[in-house]
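To start, the structure itself, in structure tokens.
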Amino acid sequence: MGYELHITKKQDWFDETSDLDITLDEWKQLVADDPDMRMDNYAEATVRTGETFRVYSEGLTVWTKYSRNGIHGNYAWFDYQEGNIVVKNPDK
């Protein structure tokens, strides 16, 4: 089991009000200003068969200070999605 964290400027992350979206440019600037974040625009994992599975998404960022960063393929990927930032299972 896990949890998902949504970073947004909206009252509710699923609201479709575009004037409250985080813009991709805002997100890119925040990541550029934070030495603990690295924008890769992709995430990849090795599956049980040994194959590498890769997902591309503009704005996909790795938080390098995540406590399990790189351990058993774990990373805290912050994904830019429709004006929000979404991450699964980050540290506090």
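The values are calculated or read from the model by the stated rules, or taken from the named source; none is laboratory data. Please read these numbers as outputs of a predicted model, since none were measured by experiment. Neighbour counts run over all protein chains shown; Cβ positions are idealised from the backbone, glycine included. Accessible surface is based on the protein model in full, side chains and every heavy atom, while ligands, DNA and RNA are left aside. Shrake-Rupley method; radii C 1.70, N 1.55, O 1.52, S 1.80 Å.
Being under 15 Å from the mean Cα position of the chain (by Cα) and among the acidic types (Asp, Glu) is the filter; apply it to the stretch 26-50 and report the residue that is farthest from Asn69 (Cα to Cα). So, considering only residues that are under 15 Å from the mean Cα position of the chain (by Cα) and among the acidic types (Asp, Glu), the one farthest from Asn69 (Cα to Cα) is Glu26.
Restricting attention to the stretch 82-92, which residues are open to solvent by 80 Å² or more (accessible area, probe 1.4 Å) and either under 12 Å from the mean Cα position of the chain (by Cα) or over 13 Å from Trp27 (Cα atoms) (or both)?
To start, the set of residues in the stretch 82-92 that are open to solvent by 80 Å² or more (accessible area, probe 1.4 Å) comprises 82, 88, 92.
Across the stretch 82-92, the qualifying residues are Lys88, Lys92.
Residue count for the stretch 1-26 satisfying the condition of being open to solvent by 60 Å² or more (accessible area, probe 1.4 Å), of a type in the set (A, V, I, L, M) and either assigned to a loop (DSSP other than H, G, I, E, B) or closer than 16 Å to Pro90 by Cα (or both): 3.
Only residues that are crowded, with 16+ Cβ neighbours inside 10 Å, assigned to a loop (DSSP other than H, G, I, E, B) and either of a type in the set (S, T, N, Q) or free of Cβ contacts under 8 Å to residues at least 24 places away in the same chain (or both) were counted across the stretch 34-66, and they come to 1. Among the residues of the stretch 27-53, those that are closer than 22 Å to Asn89 by Cα and of a type in the set (A, V, I, L, M, F, W, C) comprise Trp27, Leu30, Val31, Met37, Met39, Ala43, Ala45, Val47, Phe53.
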